[in-house]
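Colleague: Supplied in structure tokens, the structure appears directly below.
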Amino acid sequence: MTQPTFPPLMSGHALSGQDDPFEVARQKAVLGCDAGLVTYNLGTDQMAAALILAPEVPLAKAMAMLPACGVGFQNALGALAPPEVAVHFEWNGTIRINGAACGRLRAASSGLEIAQPPEWLVVGFELRLWPSDTETGLSPDDTALYAEGCADVAAPALLEAWTRHTLHWISRWEGHEGAKALHDEWRGLVHNMGEPVTQGGKSGQFLGVDEDFGMLLRDGETTHLLPLTELLED
């Protein structure tokens, strides 16, 4: 398998077997590794990767890195896959390809104090490459990348493209555009906006998001705000 190459400011750490890039990235972040490290495991049935970040803004703002990594993934797959392949995201990080769940985005940080910059923030993704069942019709809401006409998308190339596009969106977010450009791009990729959803034990109409990508959920006369930090893993 061709080894991926990474853009400036990033470096790679390959894993194999059952090693989870997300967990390895958290361990390395705790030990004090440099930001920009990408841990990855390119298996035959699944690929996964995680990026270690060192935000200089409060955690509530830094969580914008989750949608930034999501938009980076959509841009990456969009550049490599056939044009008819559609990529969307649920607010909770579920990755949907052609409408069916295919993987997820996930995040963890050094702490949960939303008003303080975290020592580190890890954002990762997991993606199924091949279906787990020989009969994919048994799970119509689940799919895999290569079952959606993307058999020519090589995992190393997708990983490379993800890091490049994600770095691009992080740079735009840090620059003069701020969060607006990321908001505009991400809103066009969100699954079920405007529809009834259930999230965090609450149900209602998914109205949209606030400036920090928190979910606005309308339940009767009440509008709940679910901050993106609710998605942080322990």
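Colleague: Rounding to the nearest 20 debye, state how big the charge dipole of the range 15-96 is about its Cα centre with +1 on each Lys and Arg Cβ and -1 on each Asp and Glu Cβ.
Modeller: 200
Colleague: Counting other Cβ atoms within 10 Å of each Cβ, which GluC sites (Glu not before Pro) in the range 191-234 have at most 12 and sit in a DSSP loop? It would help to have the intermediate numbers written out before the result.
Modeller: Values: sites: GLU211, GLU221, GLU230, GLU233; in loops: GLU211, GLU221, GLU233.
Passing sites in the range 191-234 are GLU211, GLU221, GLU233.
Colleague: Moving to a separate point now. What does the C-alpha gyration tensor say about the overall shape of the range 3-56? Classify as rounded when a/c is under 1.5, otherwise prolate if a/b is larger than b/c, or oblate. Please report the intermediate quantities before stating the final value.
Modeller: Numbers: a/c = 2.47, a/b = 1.43, b/c = 1.73.
It comes out oblate by the Cα gyration axes.
Colleague: Which of the aspartates and glutamates could a cross-linker bridge to LYS180, judged by Cα under 15 Å and excluding same-chain residues fewer than eight apart?
Modeller: ASP210, GLU211, ASP212
Colleague: Report the local net charge at ALA50: Lys and Arg +1, Asp and Glu -1, summed over other residues whose C-beta lies under 14 Å from its C-beta.
Modeller: -1
Colleague: Here's a follow-up. Once you keep just the Cα pairs under 8 angstrom separated by 6 or more residues, what percentage relative contact order results for the chain?
Modeller: That works out to 21 percent.
Colleague: Any idea of the accessible area per residue across the range 117-192, 1.4 Å probe, to the nearest Å²?
Modeller: 49
Colleague: Let me ask you something else. What percent antiparallel are the DSSP beta bridges of the range 1-119, to the nearest 5?
Modeller: Restricted to the range 1-119, the bridges split so that about 75 percent are antiparallel.
Colleague: What is the local net charge at SER171, summed over the other residues whose Cβ is closer than 15 Å to its Cβ (Lys, Arg +1; Asp, Glu -1)?
Modeller: Spelling it out: positives minus negatives among the neighbours equals -1.
Colleague: Could you name the lysines whose alpha carbon sits less than 24 Å from that of LYS202, not counting residues in the same chain fewer than 8 places away?
Modeller: LYS61
Colleague: Once you order the gyration tensor axes a ≥ b ≥ c over the Cα atoms, which shape class does the range 108-172 get: rounded for a/c under 1.5, otherwise prolate or oblate by comparing a/b with b/c?
Modeller: It is oblate, given that a/c is not under 1.5 and a/b is not larger than b/c.
Colleague: Leaving ligands and nucleic acids out of the surface, order CYS33, CYS150 by accessible area at 1.4 Å, largest first.
Modeller: If we order CYS33, CYS150 from most to least accessible, we get CYS33, CYS150.
Colleague: According to the square roots a ≥ b ≥ c of the eigenvalues of the Cα gyration tensor, what is the shape class of the chain, taking rounded for a/c under 1.5, prolate for a/b larger than b/c otherwise, and oblate for the remainder?
Modeller: Taking the square roots of the gyration eigenvalues as a ≥ b ≥ c, the chain is oblate.
Colleague: State the answer as a single residue: which of LEU159, CYS102, THR143 lies farthest towards the positive end of the charge dipole of the range 62-165, with beta carbon charges of +1 for Lys and Arg and -1 for Asp and Glu, about the Cα centre.
Modeller: The one lying farthest along the dipole's positive direction is LEU159.
Colleague: Where does the charge balance sit around THR94 when Lys and Arg score +1, Asp and Glu -1, over other residues with C-beta under 11 Å from its C-beta?
Modeller: Values: positive: ARG96, ARG104, ARG106; negative: GLU90, GLU126, ASP141, ASP142.
Its environment carries a net charge of -1.
The values are calculated or read from the model by the stated rules, or taken from the named source; none is laboratory data. The model shown is predicted, which means the values in this text are computed figures rather than measured ones. Please note: Cβ atoms are built from the backbone with ideal geometry, for glycine as well, and neighbour counts cover all protein chains shown. Surface areas here come from the heavy atoms of the whole protein model, side chains and all, with no ligands, DNA or RNA. Shrake-Rupley method; radii C 1.70, N 1.55, O 1.52, S 1.80 Å.
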